[in-house]
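The values are calculated or read from the model by the stated rules, or taken from the named source; none is laboratory data. Quick caveat: nothing in here was measured; it's all calculated off a predicted structure. Every residue, glycine as well, gets a Cβ built from its backbone with ideal geometry; the counts of neighbours run over all protein chains shown. We work out accessible area using only protein heavy atoms, side chains counted, and drop any ligands, DNA or RNA first. Shrake-Rupley method; radii C 1.70, N 1.55, O 1.52, S 1.80 Å.
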Amino acid sequence: MKSALSLLLFTALLLGCSSAPDERQYEVHSQDFYAKTDDQGRKIFAYVMTVKANKRAALDSSKPISRQQLKRYIEQEHFDESRVLKLQLEDEAAAALKKELKERKYCPNAYEINEVLWRDFSVQLRGVCL
């Protein structure tokens with residue numbers, strides 16, 4: 001009986017998560033590509049993707065708020081607080097970098113990302129052509 005109830009609760013939780021809308025929780029502000037040659041003659045690059053900084057809106061304490069509204073406010077993810085959103089941005093930047101390198105024909109054979117740097121609202125991917 002306990003395992004059936006546990007399975008039912010787990011299934012409900014899983015369905016609730018899977019049916020959540022796939023909203024983008026951040027907006028890309030800028031994308032920059034930098035290229036140069038290092039001292040050994042290798043082609044190196046840096047790709048920076050920055051998101052707009054969104055501040056958490058303050059709750060208006062002069063008006064009554066429902067539990068549902070409070071729950072949504074608390075559960076709302078903000079980029080500067082969320083590791084998940086930062087990893088999503090890193091994946092998005094890697095895909096955009098791949099497209100940029102292909103369009104520029106910068107690394108015709110292959111490339112390697114050897115450093116990922118984070119700032120508050122941006123990620124920088126540094127690498128070298130192989």
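Restricting to segment 100-125, name every residue that is within 17 Å of the chain's Cα centre (by Cα) and basic (Lys, Arg). Within segment 100-125, just Arg119 meets the criteria. Here are the criteria: (1) at pLDDT below 70; (2) open to solvent by 80 Å² or more (accessible area, probe 1.4 Å); (3) outside any helix (DSSP H, G or I). Tell me which single one Ile74 does not satisfy. Among (1) at pLDDT below 70; (2) open to solvent by 80 Å² or more (accessible area, probe 1.4 Å); (3) outside any helix (DSSP H, G or I), Ile74 violates only (3).
For first residues located in segment 109-121 and touching a residue at least 60 places away in the same chain (Cβ under 8 Å), partners that are open to solvent by less than 80 Å² (accessible area, probe 1.4 Å) and lie 6+ apart or on another chain with Cβ distances below 6 Å form the pairs Tyr111/Gly127; Tyr111/Cys129; Phe121/Thr50; Phe121/Val51; Phe121/Ala53. Going by the conditions given, is Glu92 of a type outside the set (A, V, I, L, M, F, W, C) and modelled with pLDDT under 70? The answer is no for Glu92.
Quick one: which residue in Tyr47, Tyr111, Tyr34 is among the aromatic types (Phe, Trp, Tyr), in contact with an Asp or Glu (Cβ under 7 Å, 6 or more places away or on another chain) and either modelled with pLDDT of 95 or more or open to solvent by 70 Å² or more (accessible area, probe 1.4 Å) (or both)?
Details: Tyr111 fails: in contact with an Asp or Glu (Cβ under 7 Å, 6 or more places away or on another chain); Tyr34 fails: in contact with an Asp or Glu (Cβ under 7 Å, 6 or more places away or on another chain).
On inspection, the qualifying residue turns out to be Tyr47.
Lys52 passes all but one of (1) within 25 Å of Gly127 (Cα to Cα); (2) of a type in the set (Lys, Arg); (3) surrounded by 10 or more Cβ atoms within 10 Å (Cβ to Cβ); (4) modelled with pLDDT under 85; which number fails? Result: Lys52 fails condition (4) only. Mind listing just one residue for me: the one in segment 82-103 that is more than 15 Å from Asp120 (Cβ to Cβ) and charged (D, E, K, R) and, of those, most open to solvent (accessible area, probe 1.4 Å)? In this case the residue turns out to be Lys102.
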